[in-house]
Amino acid sequence: MRAENYQQQSHPPSNQFELNFGPNHPGIEGNYALQVEVEGDVIVKARADGGYLHRGFEKLMEQRLWIQNISLVPRICVPDPSPMEVCYSMAIEEISGIEVPERAQWIRVLQLELSRIAAHLFTFGGHAATTGMYTPMYWGVADRDLILDLFEEFTGGRIYSIYNLPGGVRRELPDGFLDKVSEVIDYIESRLPEYDNLFFRNAVFIKRAKGVGVLTQEKSLEMGVTGPNLRATGLAFDLRRDDPYLVYDKLDFEVVVEEAGDAWARTLVRRQELLQSIRIVRQVVAALPDIGGELRAPIPNPLAWRVPAGESYARVESSKGELAYFVVSNGGEKPWRVHVRGPSAMHAVQVLEELVTGGRVEDVAQTMFSLDACPPEVDR
Amino acid sequence: MKYSDDGSLLRPLRALSFLGRAAVTESLDPRPAADGYRGFHLNQHQECIGCSSCQKICDNAAISMVKVPSLPNDPEKGIRNLRPAIDYGRCCWCALCVDICPTSSLSLSKEYVHTCTQEDIDSYFMLPNEDSMHGGSEYGGGWEKSETSDLLNLDRQPMGELEPEYRQDNFKEIVNGFTPQQALDEASRCVQCGACHDACPTGMNAPEYIRSIYAGDLEQAVRWIYQSNPFSHVCGRVCTHRCEDACSIGVRGTPLAIRWLKRYAMDGVAPERIKELALEQAVVNLLEREFGECSAPVEIVSADIDDAIAVAKTGETIAIIGAGPAGLTAAWDLERLGYHTVVYESRPAAGGMTRYGIPSYRLPYEMLDRDVEIITSSGVEIRYGVEIGKDITLEQLRDQYSAVILAIGLHLGRSTRIPGAEHKSVRKAVELLRLYSENGELTVPRQVVVIGGGNVAMDIARTVARVQRQQYGAVDTTVTALESQQNFLADPEEIKESLEEGVVIKPARGPQECVIKDGELESLRSWGVDSIFDEDGRFAPHYNRSDEQHYPAQMIIEAIGQMSDNQLLSEDITEELEWERGRLKIDSNGRTALDWLWAAGDCVNGPDVVHAVADGHRVAASINDQLIKLRG
């Protein structure tokens, strides 16, 4: 919503013209806009333009009690909301010195990995649609729905779990829930070869994605690229392994890496990460029955809770990259400042602008979806 | 890990494997939601108390409290007829309202079909009750508060007390008071519903001072306290705490210790500073009256205050009889309203029933003195040792002052009038408590029996027990009450502490005779009690004569009720006043049948400090109204 983007300007005679992608456009994730200047089919300049979806979270959070933000933050990334509430809780826990019971930590891992699987399935659907393939989208949405059913069962909400509180999680898993989890992930795993045939090995997709939007490792680090997008440039960096939180250090999984750094590589990283998440979920399902104890450390009355003065930076590996909450408390009943480091804030602004510039106009959607950006993270 | 493509020319033929397979479909038919689903709200209207905690926790301001006139509204029990109405255009179904609900009346259903049953946009705004939105039980209950999701701390901070062996032979204060951490933890439990404020006779701003205590600002807490109660050192210790009976945390847990929090604030600020704050407050009130409202409570900064005060003074003087909580509260208010007040007190010290009726192990005299000191500093003049009717008559007061307030307390004990009750060793509890308070000593025999089961009976029994321990090294004090153990009138902690101090309690005993032998009191003869009230609820004890007991005693103390000493009223005035069952009749503003005479406190309302304070405020306001009217 940069005003200057929409002011009428007089241009010298030129063969360049402006083109608006979004805020409503099938090739754009969510409500987001990209204004490009093209010369023929080649983009000479691109300006990212956010502000059309949920926005202003950081300011809103300063107006709310500590605990009220729990129901606000999941909206910062609708396809992958769980890391938001977990990460925000972790930041508060760090400031107030609250120790999260072990069982709650395992349940949080379960929630995060299920959310990652759901988010990746959703992304593949959208990504395939940019190349004109709609069946993967139907499959992705339908299979993601099975995970939403699981969320409905153990958190009470299908999309916005609002399941975490600073100190732990809100309720016990229902009886027989872990069996259902196993069932669903077995099914999703069995579906992966079909996804491969339909989408990942599809010549149309490979030809459209290979060599498009190439990021070098150096450039990535320069521009704050994280998550699958960074791993697609050959750098094995994953917070779950390199700065473990919750109980990830007790879990066995691999960091998926691709070398090419292009749209195809980024997509393949996500594809392989599904397998790793399934692996993690299986370990959690096996471990949880033997981990007893409390679900939540006590917190003061939330209507009067004053988190001690201090600041903390909590970060987790979300499906989009490094998600972090920088929370500052001045000892008041509300946060003094919350900064959300949404990974998409980098991916959808400077990275996207850089990658599409010099490319062709038909690759814009391809590039954006391969970056898996989430607009509210930009507009937070 | 690399993704490898093994490629094959025959790959397109794999599509054949889909032949005959069912398509991936999502059913559009409604299915029941999972247990624990966060659907639309259900509210048990009979359990909900309208405390509005749900409204406060709501992230989206989706909840408004709506008055439902058909439901009960009882401030004394902490029940309001407000119920949450939900704006489903705003609700995000996070269920924090359910998890904070002090009563557990709120829950969510399994309904997931949206609300808009009418074309009207207002159908998004609903007042949930016990029935699910779409009627019937088809959907069933979803998210409910569980032990782990409950957001409230229902347990009170324990209050430290002197152990029995350290308190049973002296009059040191028993209750230690909160430590700063305890006070903070206790204050943090408050949900700021205001039920305490509504239940308090004098409308104390308890939520505000609790919040100030929680914020660590005790001076601000004191300012809030002085808005409505100049007897807060006293009320912080011996108030009957109606606030705690109404506290919404008390529905499922132990109510906040509001009384102890008040005490904590009053003890936590230096007495001199409290005086400054209170007097500042008084000046603010005075100036507000004259020059309009300012945002109270504020600090005074202006230097021209004296001139302003002089302007605000009315020049009229009010006489008050009795320097107890009612009289002095009225005096405090009237000074703040610009009047001068003269208080006549027959005894040598102020405080009335709080000084002469409450043992100092519950209320140390110095605390009472602090309250009185602040009140007198505001300009109130107390004339001690003046007996109305003897030294000056009520008629003289009427002629000299613009108005007169009668606040004479209940200094006479009632008698059981059983045979032998007129013996010199049969005494009244109030009389002995007063004697002890005045002289700091009391002569008691080795064996004492108390008749009565209220707090006054406990006060005298525990006082006597202490004196016995000092004099004889052993306690032999027996309390006999009509009431059974379950229906005992005294507070449970009084009973517990009495027993710890060696007092023997005999419930369900009816006194029949003070047995006198050779002119000396020998024992109390009593019968067992079958019932106290008849079918119509009238007092008509029914005894079991076969269950006769003698309790040996050289002194019997009657503690069955008090009355006021009305002898100061002349015959003419007694005649002109209206009476109701021996008590002076007053209107809702505390005014008697005589237009110059108001009455307040225990003498019209029965024994209770905080009611006396409330009365004081009421008559002061009424007198002010009346005098303003007269001034035209």
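The values are calculated or read from the model by the stated rules, or taken from the named source; none is laboratory data. Predicted model, so just to flag it, every value in this text is computed and none were measured. Note that each Cβ is placed from the backbone with ideal geometry, even for glycine, and that neighbours are counted across all protein chains shown. Accessible surface is based on the protein model in full, side chains and every heavy atom, while ligands, DNA and RNA are left aside. Shrake-Rupley method; radii C 1.70, N 1.55, O 1.52, S 1.80 Å.
Here are a few things to note about the model shown:
- Residue-count net charge about B:Pro348 - beta-carbon cut-off 15 Å; Lys, Arg +1, Asp, Glu -1: -1
- Dipole of the protein assembly as shown, positive direction: furthest Cα of B:Tyr551, A:Asn20, A:Gly331, with charges on the beta-carbon: A:Asn20
- Sites matching trypsin sites (Lys or Arg not before Pro) across segment B:148-178 that sit in DSSP coil, with at most 16 neighbouring C-beta atoms within 10 Å: B:Lys172
- Over 29 Å (Cα to Cα) - which of B:Lys56/B:Lys262; B:Lys262/B:Lys496; A:Lys59/A:Lys180; A:Lys320/B:Lys56 fall in this group: A:Lys59/A:Lys180; A:Lys320/B:Lys56
- Value of [θ]222 nm, deg cm²/dmol, for chain B, DSSP H segments ≥ 4, -39500 (n - 2.57) each, nearest 500: -9500 deg cm²/dmol
- According to the Kirkwood relation over distinct C-alpha pairs, the hydrodynamic radius of the protein assembly as shown is 34.1 Å.
- Area of B:Cys247 that stays accessible when all protein chains are in place (1.4 Å probe, Å², to 10): 20 Å²
- Along segment B:51-66 the Karplus relation, 6.51 cos²θ - 1.76 cosθ + 1.60 evaluated at θ = phi - 60°, assigns HN-Hα couplings of 7, 6, 5, 4, 5, 6, 7, 5, 5, 10, 6, 7, 10, 10, 8, 10 Hz to successive residues, with x for each Gly and Pro.
- Other protein chain C-beta atoms within 10 Å of residue C-beta, averaged over B:185-192: 3.
- The phi-based Karplus calculation (6.51 cos²θ - 1.76 cosθ + 1.60; θ = phi - 60°) puts the 3J(HN,Hα) values of segment B:559-567 at 9, 10, x, 10, 9, 8, 8, 8, 5 Hz, whole numbers, x for Gly and Pro.
- Overall form of segment B:495-632 per C-alpha gyration tensor (a/c, 1.5; a/b vs b/c): prolate
- Taking Cα centre as origin and charging only the Cβ of basic (Lys, Arg, +1) and acidic (Asp, Glu, -1) residues, the dipole magnitude of chain A rounds to 540 debye.
- Accessible area of A:Tyr138 in the full protein assembly, 1.4 Å probe (Å², nearest 10): 140 Å²
- Ordering B:Leu368, B:Val380, B:Thr354 by the projection of their Cα atoms onto the charge dipole of segment B:348-390, which places +1 on the Cβ of Lys and Arg and -1 on the Cβ of Asp and Glu, puts B:Thr354 at the extreme positive end.
- With the biggest extent put first, the Cα atoms of chain B measure 125, 73, 52 Å across the principal axes.
- Degrees, to the nearest 10: A:135-155 long Cα axis against longest axis of chain A: 20 degrees
- Other protein chain Cβ atoms within 10 Å, averaged over every residue that makes up A:160-171: 4
- For segment B:317-394, the list of trypsin sites (Lys or Arg not before Pro) that fall in a loop by DSSP and count at most 15 other C-beta atoms within 10 angstrom reads B:Lys390.
- Its Cα centre serving as origin, the protein assembly as shown has a Cβ charge dipole (Lys and Arg +1, Asp and Glu -1) of approximately 1280 debye.
- Relative to the dominant Cα principal axis of chain A, helix A:82-96 is inclined by about 50°.
- Residue-by-residue Karplus 3J(HN,Hα) for segment A:278-291, coefficients 6.51, -1.76, 1.60, Hz, glycine and proline x: 4, 4, 5, 4, 4, 5, 5, 4, 6, 7, 4, x, 8, 9
- Prolate/oblate/rounded label for segment B:351-440 (Cα gyration tensor, a/c 1.5): oblate
- A:Met137 accessible area, assembled protein chains, probe 1.4 Å, Å²: 60 Å²
- For A:Arg337, the residues 5 or more places off, or on other chains, whose built amide H falls under 5 Å of its own are A:Val328.
- Taking other residues whose beta carbon is less than 14 angstrom from the beta carbon of B:Lys390, and scoring Lys, Arg as +1 and Asp, Glu as -1, yields -3.
- Euclidean distance between Cα centres, segment A:175-211 to segment B:139-195, Å: 55 Å
- The DSSP beta bridges internal to the protein assembly as shown are antiparallel in roughly 70% of cases.
- Across peptide A:297-306, the average count of Cβ atoms from other chains found within 10 Å of a residue's Cβ is 6.
- Taking the Cα centre of segment B:41-126 as reference, the dipole from Cβ charges on Lys and Arg (+1) and Asp and Glu (-1) amounts to some 240 debye.
- Local net charge near B:Val604, Cβ-Cβ under 9 Å (Lys/Arg +1, Asp/Glu -1): 0
- Once the Cα atoms are used to define both axes, helix A:102-130 deviates from the longest principal axis of chain A by about 20 degrees.
- Per DSSP, loop trypsin sites (Lys or Arg not before Pro) in segment B:448-509 with at most 12 further Cβ within 10 Å: none
- Between B:Ala421 and B:Thr25, the modelled labels are 9.0 nm apart [label points 7 Å from Cα along Cα→Cβ].
- Relative contact order of segment B:41-126, defined on C-alpha pairs under 8 angstrom at six or more residues apart (%): 36 percent
- Separation of segment B:334-359 and segment A:98-167, taken as the distance between their Cα centroids, equals 70 angstrom.
- Whether chain A is rounded, prolate or oblate, judged on the alpha carbon gyration tensor where a/c under 1.5 counts as rounded: oblate
- Once you reduce segment B:486-535 and segment B:557-632 to the center of their Cα atoms, the two points are 33 Å from each other.
- Pairwise inverse Cα distances across segment B:416-563, averaged and inverted, put the Kirkwood hydrodynamic radius at 15.4 Å.
- GNM result for chain A, Cα springs below 10 Å: residue of A:Glu152, A:Glu354, A:Glu273 fluctuating most strongly: A:Glu152
- Relative contact order, whole percent, for chain B stands at 11, derived from Cα pairs under 8 Å and 6 or more residues apart.
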